[in-house]
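Comments concern the structure below.
Just so it is clear, none of the values below were taken in a lab; they were calculated from the coordinates. Note that the coordinates shown come from a computational prediction; the quantities given were computed from them, not determined experimentally. Here the Cβ positions follow ideal geometry from the backbone for every residue, glycine too, while neighbour counts run over all protein chains shown.
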Amino acid sequence: MAIAFTGGAWHRAAAGLALAGLSCWTAPAQADGTWSLRLPKEDAVAYRGVVSFDAAGTPGGAFQYPVGGAGAGGFIVAVLTHGLLVESQKNREKQAMQDAADKVLSPYRAVLDGLRHPELMRKALDKTRSGTERKLLAASESAGTGWLVESQPVFGMTQDQRALVLDNSVTIQRVGDATGTPYQATVRVVSQPRAEEDVQAFWKTGEGAALKAESISLLAHSLELAVRDAGAAAASEPPTFKTVRYQEGTAEKMERAQLVAHHCGREVIRTLRGWLMSVPAPAASDAAPEPCETALPGWK
Amino acid sequence: MRSNLLLALTAAAVVLLSGCASKPQMPVELTPTALSSGSQRVGVAMTALPKVEINLPGADCLLCIIAASAMNSDLSKHADTLGLEDLPTLKERVAAVLRKKGATVVVLPEPLDTKALPDATGEGDNIASKSFAPLKEKYGIDKLVVIEIYSIGFERGYASYIPTSDPKAFLRGRGYMVNLASNKYEWYLPMSVTKSADGKWDEPTKFPGLTNAYYQAIEIGKDHLLKPLGK
């Protein structure tokens with residue numbers, strides 16, 4: 001039986017996964033308890049359409065270089081010119097595919113253009129629970145003590161408009177420790193697929209209230225996961241990877257990953273790149289679900 | 001001497017023209033009754049699995065091949081370390097799906113060498129080019145489901161020296177069911193899966209993005225072949 005999440009339930013589950021799955025940490029979540037989230041330099045929040053580049057590029061074929069009597073030098077120039085032209089064409093093709101995918105955002109442009117990092121990150125920070133004190137810093141402000149968290153979120157919307165996908169590039173380092181290696185990772189969070197008949201109306205109602213709330217929840221969850229992961233002890237055994245299936249909107253997706261946690265219809269996995277992903281689990285995998293309120297105590 | 005040359009040219013022309021004349025097999029959808037007709041026994045076989053390889057189509061001249069191979073040598077080394085996941089047991093998965101539909105299934109234990117089978121004598125739509133009839137008595141089966149994986153690995157298009165695409169994972173093959181009484185395809189499904197890396201691909205030495213795409217391609221390919229049989 002799958003558990004459907006709506007509103008706060010999804011967010012409780014999301015944060016609870018962090019609590020349940022990444023319980024072995026020392027800092028910054030517990031050690032001195034203080035962490036500061038620094039705002040990105042740009043105010044605008046990045047949204048894009050989720051795109052696949054599986055069809056990008058051309059299958060290839062022989063190419064005759066018109067070198068004439070220019071000799072080896074002419075041949076090298078011809079090859080280099082050809083390389084530049086092909087590279088430029090490849091980039092143009094990918095950009096065109098991304099531009100086409102971005103059209104899915106057109107109905108939401110007014111809402112998204114009004115969303116700014118200070119508001120988004122303030123509300124996301126309010127939803128996090130790690131540490132004893134959390135502060136929001138301006139882009140140019142320096143952190144006092146504890147841990148400094150820098151976040152660069154990029155949101156995606158699936159082409160069926162039924163899910164949001166956040167890629168949050170996070171850097172975490174102890175304030176004043178210039179020699180330590182900062183924690184760096186991208187945390188991807190895929191929202192539960194929306195089942196509303198008119199999903200566009202759902203996202204847009206109330207000046208995009210649901211779209212904003214979902215974006216804030218995804219960001220909060222990604223920050224929780226990153227902060228806890230930064231202080232987690234390294235695994236003592238070599239990781240076991242398997243192909244994990246999950247829902248991204250109505251599409252089934254796959255990722256080669258380690259399973260970190262599985263609760264309430266969601267899974268936290270670690271990818272081959274070492275990044276974390278939090279994804280909706282396939283419905284069939286929740287054969288005997290633990291009630292979410294039991295699995296995720298104390299989350300409000 | 002001259003007549004020998006003419007003979008050779010004529011023979012070559014005949015071979016080429018007859019090659020052009022052979023029709024490609026079109027997909028054949030599995031009918032609802034094909035697997036549930038009474039007491040028929042269905043065999044399930046797989047051909048030998050290929051090694052993981054790197055294809056560089058378009059790098060045609062000798063120097064182009066050398067340059068392209070050198071350019072992709074790290075990926076080639078990494079490809080050598082990749083396994084075939086659970087592809088070797090795909091026929092067991094197919095058998096389980098068929099049993100679920102009520103078929104009596106015999107799994108052929110050894111890899112099927114289709115090239116060793118005699119050529120089929122009959123002609124017509126959806127007739128297999130090889131005769132599978134000898135397997136009818138050998139295994140006591142009425143129909144045979146064959147899973148063929150031709151090639152698996154990474155592919156990158158080239159225009160002579162220049163790559164025209166990023167490397168992508170690929171899996172190619174086909175699945176089919178032959179009625180051993182008529183040697184006719186009752187199911188025929190080609191498979192060609194291509195998956196790109198999510199984000200950047202050039203991450204030596206482990207190539208996590210492309211490795212992920214490789215396992216995605218395997219999973220998608222298995223689904224492609226299993227889903228129509230389970231319907």
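From the Cα gyration tensor of chain B, with a ≥ b ≥ c the square roots of its eigenvalues, which class applies: rounded if a/c is under 1.5, or else prolate if a/b is larger than b/c, or else oblate? Spell out each step's value before the answer.
Working: a/c = 2.51, a/b = 1.23, b/c = 2.03.
It comes out oblate by the Cα gyration axes.
At a Förster radius of 41 Å, what calculated FRET efficiency corresponds to the Cβ-Cβ distance of B:Ser151 and A:His82, to the nearest 0.05?
Numbers: r = 28 Å, r/R0 = 0.68.
Efficiency for this residue pair is about 0.90.
Taking 7 Å along the Cα-to-C-beta vector as the label spot, tell me the A:Glu196-B:Thr205 distance in nanometres, rounded to one decimal.
Modelled inter-label distance: 5.1 nm.
Can you give the FRET efficiency for B:Lys130 and A:Arg92, using 1/(1 + (r/R0)^6), R0 = 45 Å, r = Cβ-Cβ distance, to the nearest 0.05? Can you show the working numbers first?
Values: r = 46 Å, r/R0 = 1.02.
Plugging the Cβ-Cβ distance into 1/(1 + (r/R0)^6) gives 0.45.
Within the stretch A:107-181, list the GluC sites (Glu not before Pro) lying in a DSSP loop whose Cβ has at most 12 other Cβ atoms in a 10 Å radius.
Details: sites: A:Glu119, A:Glu133, A:Glu141, A:Glu150; in loops: A:Glu141.
Of the GluC sites (Glu not before Pro), the ones in loops of the stretch A:107-181 whose Cβ has at most 12 other Cβ atoms within 10 Å are A:Glu141.
Under 1.5 on a/c is rounded, so check that first for the stretch A:147-274, then, if it is not, pick prolate when a/b is larger than b/c and oblate when it is not; a ≥ b ≥ c are the square roots of the alpha carbon gyration tensor eigenvalues. Please report the intermediate quantities before stating the final value.
Values: a/c = 2.83, a/b = 1.45, b/c = 1.95.
Since a/c reaches 1.5 but b/c is at least a/b, the shape of the stretch A:147-274 is classed as oblate.
Estimate the FRET efficiency between B:Thr31 and B:Glu53 by the formula 1/(1 + (r/R0)^6), using the beta-carbon distance for r and 45 Å for R0, to the nearest 0.05.
0.80
Could you work out the relative contact order of chain B, using alpha carbon pairs under 8 angstrom and six or more residues apart, expressed as a whole percent? Can you show the working numbers first?
Details: 410 pairs, mean separation 58.1, N = 231.
It rounds to 25 percent for chain B.
Take the alpha carbon gyration tensor of the stretch A:47-194, find the square roots of its eigenvalues, order them as a ≥ b ≥ c, and report rounded if a/c is under 1.5; if not, report prolate when a/b exceeds b/c, else oblate.
Numbers: a/c = 3.38, a/b = 1.76, b/c = 1.92.
Note, shape of the stretch A:47-194 comes out oblate.
Between A:Tyr65 and A:Glu133, how many nm apart are label points set 7 Å from Cα along the C-beta direction?
For A:Tyr65 paired with A:Glu133, the spin-label model returns 6.5 nm.
For a quick protection proxy, order the peptides B:158-170, A:102-114 by their average other-Cβ count within 10 Å, most packed first. Don't skip to the end; give the middle numbers.
Working: B:158-170: 23.5, A:102-114: 14.5.
So the order, starting with the most tightly packed, is B:158-170, A:102-114.
Other chains near B:162-169: what is the mean number of their Cβ atoms within 10 Å of each residue's Cβ? Don't skip to the end; give the middle numbers.
Numbers: counts 11, 6, 10, 10, 5, 1, 5, 1.
Per residue, the number of nearby Cβ atoms from other chains is 6 on average.
Averaged over peptide B:193-204, how many Cβ atoms belonging to another chain are found within 10 Å of each residue's Cβ?
Per residue, the average neighbour count from other chains is 3.
Name the residues of the stretch B:128-162 whose amide N is less than 20 Å from a point 7 angstrom out from the Cα of B:Ser69 along the C-beta direction?
B:152-162
What average number of partner chain Cβ atoms lie no more than 10 Å from the Cβ of the residues making up A:81-89?
Working: counts 1, 4, 4, 1, 2, 8, 3, 0, 1.
That works out to 3 on average.
With a 10 Å cut-off between alpha carbons and a GNM built on chain B, which of B:Thr81, B:Thr31, B:Thr194 moves the most?
Between B:Thr81, B:Thr31, B:Thr194, it is B:Thr81 that shows the largest mean-square fluctuation.
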